[in-house]
Structures are given as C-alpha cells and as structure tokens.
Amino acid sequence: MLRTMFGSRLHWIGLSVLLAGGAAAFTHAEDESDSTTPGFREVTEQQDAAIEKAVAWLAKNQNRDGSWVATGGEAYNCAMTGLAGLALLAHGNTPGRGKYGENVLRAVRYLLKQQDKTGHISTPNDGRSMYGHGFAMTFLAECYGMEPGGEEASRIKECLNKAVQLTARAQSSLGGWYYSPNSGTDEGSVTITQVQALRACRNVGIDVPAKVIDRAIDYIKKSQQPDGGIAYRVGMTGSRPAISAAGAELLLMAGLYEAKETKRIVDYVRKNVTSQNSQGSHDSYTTFYAAQALHQIGGEDWAKYFHARRQRYLREQRPDGSWTITGWGSSPVMDTAMAVVVLALPYQYLPIYQK
C-alpha cells in the first residue's frame, strides 16, 4: 500500500524538524563505479554535491516577486515556480525554514497571488496554463502539509480548495484535462499533472471528490495501447514513452500495483524508457516521471535506472549547477528543478513521491 495516500496533515507537520535539517541528515556511501549496480547506494557524496549546486542555482535565479520563469517564448510562470519550489522542498527546505526556506515562502506567496476568482492558478504568461495550475497545486499542497498552522496555512488551504474545484469543473466528459480549463477536451500529460496534484491535496486533508480521480484513472486505462504504453489521448493509437512513464507513476501512486493495466505499462516502461534512450524531445519530462514510477517499484528496476541516470546527471551538470537538456519545452529552470526532484527521491522528504 502507498503509505502516504491518505496520510493526515498532522503527520507531515511532525516531520518539519527533520525536513528543516536538509539532506545532511543522511549517511553517505562512497560513489559506486559507472559500470555496475552491485553495491548500489541511493545516496552518494557526488549526488549530494550536485543537488546542493543545483538548488543554489535555483535560489539565485528566483525573481524578486518569488517566481521562476522559462527562457524564451512563454514564461510559464506558475509551472516553473511550482517545479522549482518542489525542488527546494525535495532538498529538505520547508516554508520559512531551512537554508532556502525563505525562497520557498516567497514562491508560496507568489502563487497564492496568481489565483483568480475561478480558482485557476495562472498568469497571462502561462502557456498551456493547466500545467502551471497542476504543478502549483502540488507544490502548495506539499507546503500545506508542512505548515504548523496560522494565517499562511489558512491562505494555502483556501487556495487549494478553490483550485481543486476548478480542476473538477475542467474535467472533460472522458475524464481527462487539456491545456486550458475550458477547452472541453483532454490529453494524457495534463491529465497526469492534475491527478498528481489532486492526490497531493487529498493527502493533506483537502476535499477531493473520489469520482474525479476515479474517472481520470479510467481515462489513462482507456488510453493504453496493445504494447502496454499510453497514447497521447483516448482514441489515438501509438504509445508515447513520455506519457507512458507518467501514466505508470499515476497508476502506482494510486496503489494499483496488481492491476493488469499497471503491470503492462510498467513492462512497457522497462523495455522502452532507459536512462539513455529518454534523450529526445521530452527528456526531462520522461525522466521526471519514469524515476518516480521506478522508485515506487524499487528493487533492481530502480537500482539500474537510477544508477545510470544519476551518472548521466553528474556528467551533464553545468559548472553553475544547472542543467540544460535539449528538447521541446526545455529550459534551465525546468530541467534543473526536475533533475533535483529525481536525484532527491531517495531522501523521501516529499510525501507525494514516497514509496
């Protein structure tokens, strides 16, 4: 069973002292060689150093208003802020506590200001705004689970209640979501973003209608192809590795470990998503969700994938601490934030990503 699925908010508040202590609370192993997984360790000195450089880069590149933005084209303010905020949380910071606690708090306050009367968390610069809405919800929900109470927590709770209601209204007749809340249509990647956000909200006691999540899970199942992968949307053919990786995480996160759909999609991910062949038009996105899914599975699947992907991250990190991975939607903020979340999965600081 996924132990955090219906965990109470008070449980996560109780972890705040540990969270504020940061990654230094772990005992580190010597770095293993590139060529083998025997002796594999989930946390190494090199890994810690890479995360430290990356979160320092994110903190340095946070805007004065508390946001982060993508470079070039649409800025995706809320999506980038949600993702960067999650990266700082994954490093062991909480709102107002920890080395980058003030950066987290500024991000919270920025996102709270972006919610409109409908409940949508977005700005005019947020292309495909439901991504931003979903990542913002996930980040704020994780923060809410760490807040001891008071005015800030009340503001987050009010924001999340409205955000969940907006997501529920925006669900399509088939059970999915699309890039904007009033589109009336759907596709897989936005759907997965919304479901993870709804689960994060439910974990901390926000009321989420069960039928909304159930219909979304059914949407992913209906998108499954004969090879076990997931198509771009219901009714289309052809599996997409990126969406399949995200779909695997969704079904595992929902606790459907023994479902036939889960077993088929996990088998597809094993065969089609590796630390190397995810290099493509959605590399960061694919790695972000594939790592989460394989972390849930654990064992040799996780060890092989994480070992190789960590080594690749270590090789490709820029001297300033960031990553820039070529592909659609790539930006240093997104790539760096997603890399930190993946590398920090073994810390298990964030309930939404725990086993």
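Derivation of every value follows stated rules applied to the coordinates shown; laboratory data play no part. Because the structure is a prediction, the values reported are computed rather than measured. In this analysis, Cβ positions are derived from the backbone assuming ideal geometry, glycine residues included, and neighbour counts consider all displayed protein chains.
Brief remarks follow.
- The share of C-alpha pairs in the chain whose separation exceeds 25 Å stands at 48 percent.
- Fewest-first sequence of Val164, Val195, Val212 by Cβ atoms within 10 Å of each Cβ: Val212, Val164, Val195
- Summary of packing: across the peptides 240-249, 59-68, 314-323, the per-residue average of other C-beta atoms within 10 Å ranks them, highest first, as 240-249, 59-68, 314-323.
- Only alpha carbons enter this Debye calculation for the range 58-195, each as an equal point scatterer, and the log10 of I(q)/I(0) it gives at q = 0.18 Å⁻¹ is -0.94.
- The chymotrypsin sites (Phe, Trp or Tyr not before Pro) of the range 228-322 that DSSP puts in a loop, and whose beta carbon has at most 14 other beta carbons within 10 Å, are Tyr257.
- Asp218, Asp283, Asp116 arranged by Cβ crowding within 10 Å, fewest neighbours leading: Asp116, Asp218, Asp283
- Counting neighbouring beta carbons within 10 Å and listing from fewest to most, the residues Leu160, Leu111 come out as Leu160, Leu111.
- Residues of type lysines that Lys271 reaches as a straight line, Cα spacing below 29 Å, ignoring anything fewer than 8 places off in the same chain: Lys221, Lys222, Lys260, Lys263, Lys304, Lys355
- Among the trypsin sites (Lys or Arg not before Pro) in the range 113-162, those located in a DSSP loop and surrounded by at most 11 other Cβ atoms within 10 Å of their own Cβ are Lys117.
- Straight-distance candidates among the lysines for linking to Lys60, with alpha-carbon spacing under 16 Å and chain neighbours fewer than 8 residues away dropped: Lys99.
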